[in-house]
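The values are calculated or read from the model by the stated rules, or taken from the named source; none is laboratory data. Quick caveat: nothing in here was measured; it's all calculated off a predicted structure. Cβ atoms come from the backbone with ideal geometry, glycine included; neighbour counts cover every protein chain shown. These area figures cover heavy atoms from the full protein model, side chains too; ligands, DNA and RNA do not enter into them. Shrake-Rupley method; radii C 1.70, N 1.55, O 1.52, S 1.80 Å.
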Amino acid sequence: MVVEKACILRRLLKSCLVQRPACLSTSATMAKSKFEYVRNFETDDSCLRNCYIVVRLDGRNFHKFAEHHTFLKPNDGRALGLMTHSARCVMAELEDVVIAYGQSDEFSFVFKKTSTLFKRRASKLMTHVVSQFSSSYVFYWREFFGDQPLLYPPGFDGRVVLYPSNRNLRDYLSWRQADCIFTNLYNTVFWALVQKGGLTSAVSVVLLKGTLAADKNEILFSEFNVNYNNESAVHRKGTILIWERQEETVKKRTKSPREEKETDATVTRSRRRVQEHHCDIIGEQFWQEHPDILEQDGP
């Protein structure tokens with residue numbers, strides 16, 4: 001009886017397949033052949049091989065955004081913390097990012113030379129980084145700003161740049177850190193003149209025009225008794241995120257085969273985690289301490 005029913009079911013299924021309305025298959029074929037030509041308008045934006053892919057995002061109109069959300073001057077630890085946390089979320093999603101560097105309202109994400117993520121398509125990489133970062137910034141806003149409301153969504157734009165050699169990449173990151181050093185020193189002096197010195201913004205701009213780093217340091221020390229070297233490294237150097245292996249000890253419940261009861265055992269395991277640094281990346285020491293970041297240059 002069971003065999004007969006199985007045979008009947010097979011015959012019914014076969015007849016359904018054979019007698020399927022021709023219009024269904026024809027329309028599907030016609031739709032594919034008729035409209036698929038539009039794919040030819042897509043351009044190939046695959047990034048050149050054997051190059052580091054850098055996606056840098058910047059806050060769009062962030063000066064206005066900071067004013068509306070009353071960011072503290074010259075630096076707001078909440079805002080910088082949220083930027084860094086959002087960057088961590090990007091790296092957690094895209095493990096091909098070997099190093100990220102951020103300061104103020106920007107972050108640069110470096111994909112390894114050998115990455116084949118999204119077939120190395122620039123548009124895919126850029127949009128994924130920017131969208132993941134932006135959504136994380138909004139999602140974790142309350143963790144850093146508490147009950148202060150987010151008045152409107154922030155905007156970030158992105159760009160993709162390729163660097164073929166380790167020297168090129170290091171020079172790029174050095175450029176971004178040099179910008180951080182220059183900008184933060186200026187902002188620190190500027191807001192000291194405004195907030196502590198009682199000067200207007202216009203007068204402070206004129207006073208600082210043409211001054212060198214030594215001049216700014218002298219103003220801070222002589223007028224406000226501030227040693228700039230004692231300022232927080234996260235403000236002076238920016239934030240570096242890299243993958244590092246860490247040993248961690250966890251408790252694991254095991255069952256003894258003889259006593260047939262569970263006991264707690266301590267297990268040590270190694271895991272890759274994103275670690276945060278605030279140090280100099282222009283010199284050699286950082287790169288000597290973390291040689292696994294850079295890949296060997298090609299011939």
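Taking the stretch 194-238 as the range and being over 30 Å from residue 101 (Cα atoms), in contact (Cβ under 8 Å) with a residue 12 or more places away in the chain and aliphatic (A, V, I, L, M) as the test, only 207 passes.
If the condition is being small (Gly, Ala, Ser) and surrounded by 14 or more Cβ atoms within 10 Å (Cβ to Cβ), then the stretch 47-79 contributes 59, 66, 79.
Taking residues in the stretch 117-142 that are open to solvent by less than 50 Å² (accessible area, probe 1.4 Å), and partners anywhere that are β-branched (Val, Ile, Thr), the pairs with Cβ atoms closer than 6 Å and at least 6 places apart or on different chains are 122/160; 125/55; 129/55; 129/90; 132/90; 133/90. Among the numbered conditions (1) modelled with pLDDT under 75; (2) open to solvent by less than 80 Å² (accessible area, probe 1.4 Å); (3) closer than 28 Å to residue 93 by Cβ, the only one that residue 268 does not meet is (2). Provide a single number: the residues in the stretch 272-292 that are more than 20 Å from the chain's Cα centre (by Cα), in a loop (DSSP other than H, G, I, E, B) and of a type outside the set (D, E, K, R). Result for the stretch 272-292: 3. Of all residues in the stretch 33-74, those satisfying the criterion of being without any contact (Cβ under 8 Å) to a residue 12 or more places away in the chain and among the acidic types (Asp, Glu) are 36, 42, 44, 67.
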